[in-house]
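Before any comments, here is the structure.
Any read-out appearing in this document is the output of simple, stated calculations on the displayed coordinates, not a laboratory observation. Model, not experiment: these values are computed from the prediction. In this analysis, Cβ positions are derived from the backbone assuming ideal geometry, glycine residues included, and neighbour counts consider all displayed protein chains.
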Amino acid sequence: MNGKLLHYFVKRLLMALLTIFLVIAITFFVMHAIPASPFSSEKAKSDAVIAALEAKYGFDKPVPIQFLNYLKNILRGDFGLSTGWVGNTVIELIIGGFSYSARIGFTAGFLAIIFGVILGSVAALQRGKFLDKLIQILTTALVSMPSFVMATLLLLLFALQLGWLPSMGNQPGGLILPVISLSLYPMAYVTRLQRSSMLDVLGQDYIRTARAKGVKNSRVIFKHALKNTLTPVITYAGPMMAYILTGSMVVENIFSVPGLGRLFTNSMLRTDYMMIMGVTIFLATMIILMNFLGDVLYKVVDPRIDLS
Amino acid sequence: MSEKKETFKNPLSLQIDPKLFEKATDEEKAQQVSMRESVSFMRDAMRRLRRNHIAMISLCVIVLVALIAFIVPTFYPYTYTKQDVSAQNLAPFQFSAKEQAKIDRGQHIFPHIMGTDALGRDYAIRVIYGTRISLLVGIFSALIVIVIGIIYGAISGYFGGKVDMIMMRIVDIIYSLPDVLIVILLSVAIKDWVSTSKSDLIARLGAGMVSIFIVFGLLYWVSMARQVRGQILSIKEQEYVLASKAIGASPSRIIRKHMIPNCVSVIIIVAAMQIPSAIFTESFLSFLGLGVSVPMPSLGSLASDARTGLRSYPYQLIFPALSIFLIVLSFNLLGNGLRDAFDPKLRS
């Protein structure tokens, strides 16, 4: 790693950490601006009980001190106690939900990249022909469909009408539909990126040189072109993560998967503030780190890019 | 000067004898004038856009949908709140027993084009209102983004130097905040405040809508600001700006004649791309139950409500799903057309 790259790495890391801190601060102060106490919604409690509960969860101290405590606890991996699922810590619930969401999310992301790169390359190589036009129409349609429309339509078609796949996430094979509904939009996006990137690379001089030398067409594409077309796809890693994590909120609800997204929407219903804060910070950190990794990897892979 | 006096002409001289020529007629002169009249950038772009059939069809679809969404409710015989317990979950064009009896008596009853929902409300008018919400969100978000983005980007680009550096660092940080999460967080937080708010407008819009607009105002303008700033920075360095400065053009003239016209294409492209993502966010929030407040329908909340009876009444999902798909698709295709028309360099 040369000095310039290291400099960029450090700068980008500081930026990511600052953003994470900002997310924590926004989350904390927004949630504390709510006038209602998280316990006041339960009617059966007297004021004394509410006060005792607030003392237990540390809600009776001044807000800045609460913030510092919260920050300190987060650094130790402690996101507090859940008030909606009494007896559970927030981090336990998050890890429990994330084990599902991660499985769905990473499979969806992986499929999106693999199929996106293949379809995009095919479209570029068949430029202007039938297959290219078909792929273009399909991707345009797919990026115009919100995740919840996609998921409910797939549920309607494959689970309810045709009965090929289960509609619930806990049945065997039940994660197939959630994965498909989450992967189609990013796949279409990667396809478009890959198509324009492949067209760009195929027009380069070194490809013409390779062809002029008499290198076989397949070798030109796989050996010379493909590697250089993948850089734009890398930068999409962060936005894709953001799409998949937020999309999983609706998809997990539609297919009843007990993942992080479902946990998040349920904690909104139960007005579990500690949970809402914890999940927001957790998801935001994942997205910001993915953005960071994508950016750094981009510079490592393509050293020509100006680092200023 | 001496040649003028010379009357004798050397036959070998290459000097042209004007007597051998005749004057051009006006018609011939007219032919020499450049065949193409000068075309302004705007007209040129509009011409390119008009040639793009897909973009024009999308534009027509958007105009048509907007007309339906804003005019039809004024004369439609049903309202989005009117419940009729005897007409629950009717299929499209089906009449309830009560309505059928009235028809048999010779009364005219307007058909439920898309059927009715679980509370017996006419579904077509609810889908139309949902479409209206989507369009309004898209248009207002574009306006917010345009106003804030241009001002911020223009200041940053115009002043340059330290001001620019600080302003762009702020943009970088805002850019990396996960916007959807913050919209959700805000709408959870202001739900209480909205439900107790005295303002009729805010109460009718609902927590989700208010927070969507707050977040658009706080976060979504950054890509616009980046683009405008980049454009202004590069225009500042152009030779024609230097040239007009050299011949004494005032700064206001440079801004009016060079900066703004050269930013217009970027502004149009970014704003057009913003609209579909704003519509996505609103429908997503409404689907989660954080968007518009009941009984106001949104395409997202309609799709969410349709899930309970999905097996028996699939059309209650299909209609809002198709509407949102059609709107977003048209805006996407129009956006692509605008990009190709206004910035041929960006074409991929």
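In this simple spin-label model, placing a label point 7 Å from the Cα along the Cα-to-Cβ direction at both B:ALA101 and A:LYS216 gives a separation of 8.1 nm.
All other residues whose Cβ lies under 15 angstrom from that of B:ILE148 are scored, Lys and Arg at +1 and Asp and Glu at -1, for a net of +1.
Less than 5 angstrom separates the built amide H of A:LEU81 from those of A:VAL90, all sequence-distant by 5 or more or on a different chain. Centroid-to-centroid, using Cα positions, region B:81-116 and region B:285-328 are 22 Å apart. Within chain A, the percentage of alpha carbon pairs spaced more than 28 angstrom apart rounds to 53%.
What FRET efficiency, computed as 1/(1 + (r/R0)^6) with R0 = 22 Å and r the Cβ-Cβ distance, is obtained for B:MET165 and B:PHE41, rounded to the nearest 0.05?
Numbers: r = 31 Å, r/R0 = 1.41.
Computed FRET efficiency for B:MET165 and B:PHE41: 0.10.
Each residue of region B:220-236 is assigned a 3J(HN,Hα), and the resulting list reads 6, 7, 5, 5, 4, 4, 4, 5, 4, 4, x, 4, 5, 4, 6, 5, 3 Hz, derived from the Karplus form 6.51 cos²θ - 1.76 cosθ + 1.60 (θ = phi - 60°), x at Gly and Pro.
Highest GNM mean-square fluctuation, chain B, Cα pairs closer than 10 Å: which of B:ILE173, B:ILE235, B:ILE182? Checking each option, the largest mean-square fluctuation is seen for B:ILE173. Dipole check for chain A: with +1 at the C-beta of Lys and Arg, -1 at the C-beta of Asp and Glu, and the Cα centre as origin, the magnitude is about 1440 Debye.
Return the distance in nm (one decimal) between the two label points of a simple spin-label model at A:VAL301 and A:ARG270, each offset 7 Å from Cα along Cα→Cβ. Simple spin-label model gives 4.1 nm for this pair. If only the Cβ of Lys and Arg carry +1 and only the Cβ of Asp and Glu carry -1, the dipole of the protein assembly as shown around its Cα centre is close to 1560 debye.
Among rounded, prolate and oblate, which fits chain B when a ≥ b ≥ c are the square roots of the eigenvalues of its C-alpha gyration tensor, a/c under 1.5 means rounded, and a/b larger than b/c means prolate?
On the way: a/c = 4.15, a/b = 1.94, b/c = 2.14.
Since a/c reaches 1.5 but b/c is at least a/b, the shape of chain B is classed as oblate.
Panel values: region A:192-256, Kirkwood radius from alpha carbon pairs, Stokes-Einstein at 20 °C and 1.002 mPa s, translational diffusion coefficient 152 µm²/s.
Among the residues of B:306-314, the average count of other protein chain beta-carbon atoms within 10 Å of the residue beta-carbon is 3. FRET efficiency for the B:ILE109 to B:LYS23 pair, using the beta carbon distance and R₀ = 60 Å, is estimated at 0.15.
Using only DSSP helix segments of four residues or longer, with each worth -39500 (n - 2.57), what per-residue ellipticity at 222 nm results for chain A after dividing by its residue count and rounding to 500?
On the way: 13 runs with 211 residues, N = 308.
The helix contribution divided over chain A gives -23000 deg cm²/dmol.
Against the main long axis of the alpha-carbon atoms of chain A, helix A:260-269 sits at an angle near 40°.
Mean partner shielding of peptide B:323-336, defined as the number of other chain Cβ atoms within 10 Å of each residue Cβ, is 2.
Pull out a ≥ b ≥ c, the square roots of the eigenvalues of the alpha-carbon gyration tensor of region A:219-308, then state rounded if a/c is under 1.5, prolate if not and a/b is larger than b/c, and oblate in the remaining case. It would help to have the intermediate numbers written out before the result.
Details: a/c = 5.68, a/b = 2.22, b/c = 2.56.
It is oblate, given that a/c is not under 1.5 and a/b is not larger than b/c.
Distance between the modelled labels on B:TYR175 and A:GLU54, one decimal in nanometres: 4.3 nm (7 Å Cα→Cβ projection). Between the C-alpha center of region A:206-221 and that of region B:237-284 there is a gap of 42 Å.
Are there chymotrypsin sites (Phe, Trp or Tyr not before Pro) in region B:209-242 that DSSP marks as loop and that have at most 10 other Cβ atoms within 10 Å, and which are they? Could you put the intermediate results ahead of the total?
Working: sites: B:PHE213, B:PHE216, B:TYR220, B:TRP221, B:TYR240; in loops: B:TRP221.
For chymotrypsin sites (Phe, Trp or Tyr not before Pro) across region B:209-242 that sit outside H, G, I, E and B with at most 10 neighbouring Cβ atoms in 10 Å, the list is empty.
As a calculated quantity, the FRET efficiency between B:ALA66 and B:VAL147 at R0 = 22 Å, using C-beta atoms, amounts to about 0.55. Across the options A:LEU193, B:ALA154, A:GLY80, the greatest Cα extent toward the positive end of the charge dipole of the protein assembly as shown (unit charges at beta carbon of Lys, Arg, Asp, Glu) belongs to A:LEU193. When peptides B:52-63, A:170-181 are sorted by average Cβ neighbour count within 10 Å, with the highest value leading, the order is A:170-181, B:52-63. A Gaussian network model of chain A, with springs between Cα atoms under 10 Å, assigns the largest mean-square fluctuation among A:SER197, A:SER99, A:SER121 to A:SER99.
Taking 16 Å as the cut-off, the amide N atoms of region A:196-237 that come nearer than this to a point 7 Å along the Cα-to-beta-carbon line of A:VAL122 belong to A:196.
So how many Å³ per residue does the convex hull of the Cα atoms of region B:210-256 work out to? Working shown, then result.
Numbers: hull volume 3.3 nm³, N = 47.
It is 71 Å³ per residue.
If I model region B:40-185 as equal point scatterers sitting on the Cα atoms and use the Debye formula, what is log10 I(q)/I(0) at q = 0.11, 0.15 Å⁻¹? Calculated log10 I(q)/I(0) at the listed q: -0.73, -0.97.
Magnitude of the charge dipole for region A:196-268, about its Cα centre and with charges confined to Cβ atoms of Lys, Arg (+1) and Asp, Glu (-1), is about 600 debye.
Mind running the shape call on the protein assembly as shown? Use the C-alpha gyration tensor, a ≥ b ≥ c as the square roots of the eigenvalues: rounded below 1.5 for a/c, prolate if a/b tops b/c, oblate otherwise. Could you put the intermediate results ahead of the total?
Numbers: a/c = 1.86, a/b = 1.51, b/c = 1.23.
Prolate shape, in that a/c is at least 1.5 and a/b is the bigger ratio.
Put simply, the amide H of A:GLN126, placed in the peptide plane, has no neighbours under 5 Å, leaving out anything fewer than 5 places away on its chain. The C-alpha atoms of chain B define a longest principal axis, and helix B:179-196 lies at about 50 degrees to it. Tilt of helix B:41-51 relative to the longest C-alpha principal axis of chain B, in degrees (0 to 90, nearest 10)? Compared with the principal axis, the helix lies near 60 degrees.
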